[in-house]
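Asks: Take this structure first; my questions come after.
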Amino acid sequence: MPIQLKEENGGKTLAVHVSEKLVAADYEHFVPEFERLVSLHGKLRVLFDMTDFHGWTAGALWQDTKFAMHHFRDIERLAIVGEKKWQEGMATFCKPFTKATVRYFDHAEEAEARQWLAES
């Protein structure tokens with residue numbers, strides 16, 4: 001499955017692991033689950049793990065853009081974990097599309113990313 005979700009820290013943190021290439025249909029599970037957690041907990045902290053991720057189809061990119069516009073204020077902190085230079089660039093690219101504090105971590109620093117998300 002290209003998107004795997006896991007609630008952490010009592011649901012205040014959502015770990016999202018994406019792999020392979022995302023298609024528009026992948027958002028049919030992700031978006032409702034994200035919205036359910038926001039309705040329960042308010043702003044979330046998100047660990048977005050891009051290890052072994054190869055990008056989006058055009059339809060998935062459109063779904064991702066709509067998601068970002070709709071949930072502009074729903075993420076408090078966003079830790080992007082990756083393994084490639086373009087993934088590090090995503091941390092800079094996504095900043096204008098969210099009110100969240102965004103940081104990039106190399107995949108070897110995943111524990112540090114989780115610690116950063118847990119800080120008050």
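The values are calculated or read from the model by the stated rules, or taken from the named source; none is laboratory data. This one's a predicted model, so the numbers in the text were calculated from it and none came from an experiment. Note that each Cβ is placed from the backbone with ideal geometry, even for glycine, and that neighbours are counted across all protein chains shown.
Asks: Could you say whether any residue in region 44-55 is more than 14 Å from the chain's Cα centre (by Cα) and either in a strand (DSSP E or B) or touching a residue at least 24 places away in the same chain (Cβ under 8 Å) (or both)?
Replies: Residues of region 44-55 that are more than 14 Å from the chain's Cα centre (by Cα), as a first pass: 52, 54.
If we keep only those that are either in a strand (DSSP E or B) or touching a residue at least 24 places away in the same chain (Cβ under 8 Å) (or both) as well, we get 52, 54.
Yes, some residue in region 44-55 is more than 14 Å from the chain's Cα centre (by Cα) and either in a strand (DSSP E or B) or touching a residue at least 24 places away in the same chain (Cβ under 8 Å) (or both).
Asks: Right, here's the next one. Before we move on, is E33 in contact (Cβ under 8 Å) with a residue 12 or more places away in the chain, over 12 Å from the mean Cα position of the chain (by Cα) and within 23 Å of A111 (Cβ to Cβ)?
Replies: Judged against the criteria, E33 is not a match.
Asks: Follow-up question, since we're still on this one. Go through region 75-100 and give me each residue that's modelled with pLDDT of 95 or more and either surrounded by fewer than 19 Cβ atoms within 10 Å (Cβ to Cβ) or hydroxyl-bearing (S, T, Y) (or both).
Replies: E76
Asks: Condition test on K6, is it basic (K, R), under 27 Å from S120 (Cβ atoms), surrounded by 13 or more Cβ atoms within 10 Å (Cβ to Cβ) and over 10 Å from the mean Cα position of the chain (by Cα)?
Replies: Taking the combined requirement at face value, the residue does not satisfy it.
Asks: Would you say T65 is farther than 23 Å from W116 by Cα, surrounded by fewer than 17 Cβ atoms within 10 Å (Cβ to Cβ) and either of a type in the set (S, T, Y) or touching a Ser or Thr at 6+ places or on another chain (Cβ under 8 Å) (or both)?
Replies: So T65 fits the description; yes.
Asks: Give the residues of region 16-39 that are part of a helix (DSSP H, G or I), surrounded by 15 or more Cβ atoms within 10 Å (Cβ to Cβ) and among the aliphatic types (A, V, I, L, M), sorted by residue number.
Replies: The answer is A24, V31, L37, V38.
Asks: Looking at E33, E28, which is the one that is of a type in the set (D, E), farther than 17 Å from F93 by Cα and touching a strand residue (DSSP E or B) at 6+ places or on another chain (Cβ under 7 Å)?
Replies: Answer to the selection: E33.
Asks: Here is a follow-up. Given the options A79, A60, name the one that is assigned to a strand (DSSP E or B), in contact with a Lys or Arg (Cβ under 9 Å, 6 or more places away or on another chain) and under 15 Å from V18 (Cα atoms).
Replies: The match here is A79.
Asks: Still on this structure: So, of the residues in region 102-116 that are in contact (Cβ under 8 Å) with a residue 24 or more places away in the chain and more than 12 Å from the chain's Cα centre (by Cα), which turns out to be surrounded by the most Cβ atoms within 10 Å (Cβ to Cβ)?
Replies: A113
Asks: I need the full set of residues from region 58-86 which are touching a Leu at 6+ places or on another chain (Cβ under 7 Å) and among the β-branched types (V, I, T), in order please.
Replies: Answer for region 58-86, where residues must be touching a Leu at 6+ places or on another chain (Cβ under 7 Å) and among the β-branched types (V, I, T): I75, V81.
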